[in-house]
1. Within the range 168-175, does at least one residue satisfy the condition of being of a type in the set (A, V, I, L, M, F, W, C), in contact with a Leu (Cβ under 6 Å, 6 or more places away or on another chain) and under 18 Å from Asn65 (Cβ atoms)?
2. Given the structure, is Gly149 of a type outside the set (A, V, I, L, M, F, W, C), free of Cβ contacts under 8 Å to residues at least 24 places away in the same chain and in a helix (DSSP H, G or I)?
3. Take the conditions in a helix (DSSP H, G or I) and of a type in the set (Val, Ile, Thr) and apply them to Val175. Does it pass?
4. Tell me yes or no: at least one residue of the range 92-99 is assigned to a helix (DSSP H, G or I), more than 18 Å from Leu195 (Cβ to Cβ) and of a type in the set (A, V, I, L, M, F, W, C).
5. Looking at (1) out of contact with any Ser or Thr (no Cβ under 9 Å at 6 or more places or on another chain); (2) at pLDDT 95 or above, which is the one condition that is false for Ala25?
6. Take the residues in the range 187-220 that are of a type in the set (Phe, Trp, Tyr) and surrounded by fewer than 19 Cβ atoms within 10 Å (Cβ to Cβ), then tell me which one is nearest to Lys77 (Cα to Cα).
7. Taking the range 23-79 only, how many residues are within 15 Å of the chain's Cα centre (by Cα) and assigned to a loop (DSSP other than H, G, I, E, B)?
8. Given the conditions (1) without any contact (Cβ under 8 Å) to a residue 24 or more places away in the chain; (2) on the phi < 0 side of the Ramachandran plot, report the number of the one that Gly106 does not fulfil.
Amino acid sequence: MNSFRKYLAEFTGTFVLVLFACGAAVVTGCSTSNYAGYLLTALAFGLVIVAMAYSIGNVSGCHINPAVSLAMLICGKISFGDFAGYVVAQFAGATAGAGVLWALLGSNEALGQNGLYNGNVWLSLLVEIILTFVFVLAILGVTSKPEYGSVAGVVIGLTLTLVHIFGIYFTGTSVNPARSFGPAVFAGGEALSSLWVFIVAPLVGGAAAALCHKFLSGKK
């Protein structure tokens, strides 16, 4: 039952992330020519993390991101069984969130899906690896000591806002395979054909952050 609660929490958190944050990108018209929409989208992603961190963080840790769960697995903070359960719940939550967003908008043309930077796979991979590395490293750092617990949600949310402010211009910012998967499944087309980039790159960035954190903290 405890595992089910954790997986349900991860499903719920990822559902809210996609519905509200990707939804904000759509309804505000996020683009480099619309700075208000651009910043509001970045803030929406960060604020969802803050809200969920203090809502479900005490249940599952509020990963709501397979890249974060992979980093926690590498650092020995969760078991492989929980890692698998978390990832399934996250992908399911993101898909449900995107489905509700599509129903509300009445169109699957824009669901906050990610896209390649200038059609370049390698640059897109590089951008997403760097963005995810920074985001996950901040998570591992702020969750490494109990005394940081009261501010962890705010720090993580602000870090996600930061990487979105920089990264939206390039790829729309994924840093989260589940977040990319949900909208791409319903949007189809180019979003679906390039989806692998936004699954592979965040996982690589998350793993690199975990290894870096272990080295910097002196852990074997």
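1. Among the residues of the range 168-175, at least one is of a type in the set (A, V, I, L, M, F, W, C), in contact with a Leu (Cβ under 6 Å, 6 or more places away or on another chain) and under 18 Å from Asn65 (Cβ atoms), which makes the answer yes.
2. The answer is yes for Gly149.
3. no
4. No, because not a single residue in the range 92-99 is assigned to a helix (DSSP H, G or I), more than 18 Å from Leu195 (Cβ to Cβ) and of a type in the set (A, V, I, L, M, F, W, C).
5. Among (1) out of contact with any Ser or Thr (no Cβ under 9 Å at 6 or more places or on another chain); (2) at pLDDT 95 or above, the lone unmet condition for Ala25 is (1).
6. Phe215
7. Number of matching residues: 5.
8. Tallying (1) without any contact (Cβ under 8 Å) to a residue 24 or more places away in the chain; (2) on the phi < 0 side of the Ramachandran plot, Gly106 fails exactly one: (2).
The values are calculated or read from the model by the stated rules, or taken from the named source; none is laboratory data. Please read these numbers as outputs of a predicted model, since none were measured by experiment. Positions of Cβ are backbone-derived with ideal geometry, glycine not excepted, and every protein chain shown enters the neighbour counts.
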